[in-house]
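All remarks here apply to the structure that follows.
The values are calculated or read from the model by the stated rules, or taken from the named source; none is laboratory data. Source: prediction; values computed, not measured. Glycine gets a Cβ as well: all are built from the backbone with ideal geometry, and neighbour counts include every protein chain shown. Note: accessible area is taken over every heavy atom of the protein model, side chains too, but ligands, DNA and RNA are not part of it. Shrake-Rupley method; radii C 1.70, N 1.55, O 1.52, S 1.80 Å.
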Amino acid sequence: MEQASSLVFAAAMQVWHLVRRLIKLAITAFVSIVVGFTLYAVLALPDLKPWHSERLDEEFNALRDGNLDFDGYLKLEARLFDATRAKIAAWDHSGESYIYSRFNPDSNVSRLVEGAPFNRSFRLTTPDPAGHALLVHGLSDSPYSMKALAEALHARGFEVTVLRLPGHGTLPSAMTQMSAADWTAAVRIAARDVASRTPSGQPFYIGGYSTGGTLVLQYALDALADPSLRKPDRILLVSPAIEVPEVAVVANVLDMLSIVPLPVLQKVRWQEIGVEYDPYKFNSFAINATRQVSRSTRALQESLARAVESGRIEHMPPVVTWQSVVDATVGAQGVADLLYARLNGAAHRLVVFDVNRAGAVGSIQRPGAGALIERLSKSPRGYTLDVVANTNTQGRSVSVRRLAPDDSVSVRDTSLQWPETLVSLSHVAMPFPPDDPVYGLNPGSGRDGIPSIGSWLFRGENGAVTVSLGSLVRPRSNPFWSLIDEDVAALVEADRGTGVSDKERPASVASPLPIE
């Protein structure tokens, strides 16, 4: 008996020593990560500017403002932008970082966007709507990223509301304060308003880009379980964030030392500190932004799993997604494996834009660039898969190959071609047409003689201009946008089911200014 007790005691001590070693290793790893990132931020990141540290107390907060209706949300937003202008007016306007920034009303980028009205929520109205839609932009973006999709719906008779998410459109510093709860509450407020404006029998759409896609999908799943929420009739997604890299969980601790009240340590709040020349997107990126999108995507994945387990997923409204097969921001596998693999019905459609496989460009493609399309094409699926790709590898012409759930295949040729030097689309290119005045890649894109940001193709040595030349390589607009526009037209016509042509409808009236 004593020998058995001794053996148990010895085993327990071994386990205890192992646990102590594991705890020490975990603490060492934790401290190494926090201290290592702090040193990187302090020593390597550029100096903070006022727009990285100014606090905006008028921003929507779910705990304080969650009971607002949409009109109250917009009034709070108006006060927020008044406060932002007051902050900017008090800054030193002599520095290079301000002179060439989005905050200087006399800079070229500010003149390009004529005051950047689409940093705020806006609504496109029509006297006799055929339907109503709510669209939500992505992380570090602005409502402008949904403008082209909004106009596509509006041109087919929809009244479209585009929401500005809390933490966006004003100063990058707002990203250090925002939360996923704020975003969810704002989407609920806007959706309630749009749903109340949608008569019974008219289609109610919701759509989102990137993180906006996460949030509208979450709303749709919530509506399946909560009868007080109006279920959308269709969901439109552009490059939705269904999952983010697992390393994003480290964001929960990276900025821990920012609580120390030393100015130099405030840099640890930032993953990237960039030149703020883009009028509708922050180039700086806060650690908190990664933390919040990670929380949103994890919550979405849990909601998807519950919907499958309960069977509610079978009542999901039709989901249509436009996705680049190469996406360095959120990846393309999440939307295929975590969302569409759980959807059944031909009305659910995933549109994947392949890489350019023509000639010399195709010869340098990574072998894995087409692996996802290859796998999805050969695997059984319950949804419709559209592949936008080169008609053949000898040319730049583009066709659309449709693979139905019953394995039938159809091919539609288009008049579109890959631009000669473009190897792929990108996450940030998907929602913008190629002639967009801000991000268009077509020659001549821009406004009043000011070239669009998407057409900046400068070459030279870094340091010669205020922006990193490498940052200009990523395409900022989609040469195949017309395919998305055609899709929208077909979806609206099918859903309204009246057979009334656009020419027979009353003339639409656009109100592209923020709602007062």
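Sort 380-393, 475-488 by packing, meaning the average of other beta carbons within 10 Å per residue, with the highest value first.
On the way: 380-393: 18.1, 475-488: 21.4.
Descending packing order for the listed peptides: 475-488, 380-393.
I want to check the label-to-label distance for residue 328 and residue 79. Put each point 7 Å from Cα in the C-beta direction and report it in nm to one decimal.
Taking the two extended label points, one gets 4.1 nm.
Determine the per residue accessible area of the range 402-494 with all protein chains present and a 1.4 angstrom probe, expressed in square angstrom. Intermediate results must be reported in sequence, preceding the final value.
Values: 4750 Å² over 93 residues.
Value returned for the range 402-494: 51 Å² of accessible area per residue.
Quick one: accessible area per residue over the range 293-372, 1.4 Å probe, rounded to a whole number of Å²? Present the calculation step by step, with values, prior to reporting the outcome.
On the way: 3300 Å² over 80 residues.
Value returned for the range 293-372: 41 Å² of accessible area per residue.
Under 24 Å between alpha carbons: how many lysine pairs meet that in the chain, if sequence neighbours fewer than 8 apart on the same chain are excluded?
12
May I ask you to order 175-185, 404-414 by the average number of other C-beta atoms within 10 Å around their residues, highest value first?
Values: 175-185: 21.0, 404-414: 10.8.
By packing density, highest mean first, the sequence is 175-185, 404-414.
What part of the accessible area of the chain, given as a whole %, is carbon or sulfur when the probe is 1.4 angstrom?
C and S fraction of accessible area: 56 percent.
Using a 1.4 angstrom probe on the protein heavy atoms only, line up 141, 495 by accessible area, largest first.
Working: 141 15, 495 55 Å².
So, going from the largest accessible area down, we get 495, 141.
Counting C-alpha atoms alone, how compact is the chain: give Rg to one decimal and Dmax as a whole number, in angstrom.
Values for the chain (Cα only, Rg and Dmax): 24.7, 95 Å.
Collect residues whose amide H, placed 1.01 Å from N in the peptide plane, falls under 5 Å from the amide H of residue 427; neighbours closer than 5 in sequence don't count.
Sorted by chain and number, the residues that satisfy this are 328, 329.
Return the loop-located chymotrypsin sites (Phe, Trp or Tyr not before Pro) in the range 396-459 (DSSP other than H, G, I, E, B) with at most 14 other Cβ atoms within 10 Å of their own Cβ; answer none if there are none.
Answer by residue number: 458.
For the chain, what does the helix formula give at 222 nm: sum of -39500 (n - 2.57) over DSSP H segments with n ≥ 4, over the residue count, nearest 500 deg cm²/dmol?
On the way: 14 runs with 178 residues, N = 516.
After summing the helix terms and dividing by residue count, I get -11000 deg cm²/dmol.
Which FRET efficiency value, to the nearest 0.05, do you get for residue 409 and residue 448 by plugging their Cβ-Cβ distance into 1/(1 + (r/R0)^6) with R0 = 60 Å? Before the final figure, lay out the partial values.
Numbers: r = 47 Å, r/R0 = 0.79.
The formula returns an efficiency of 0.80 here.
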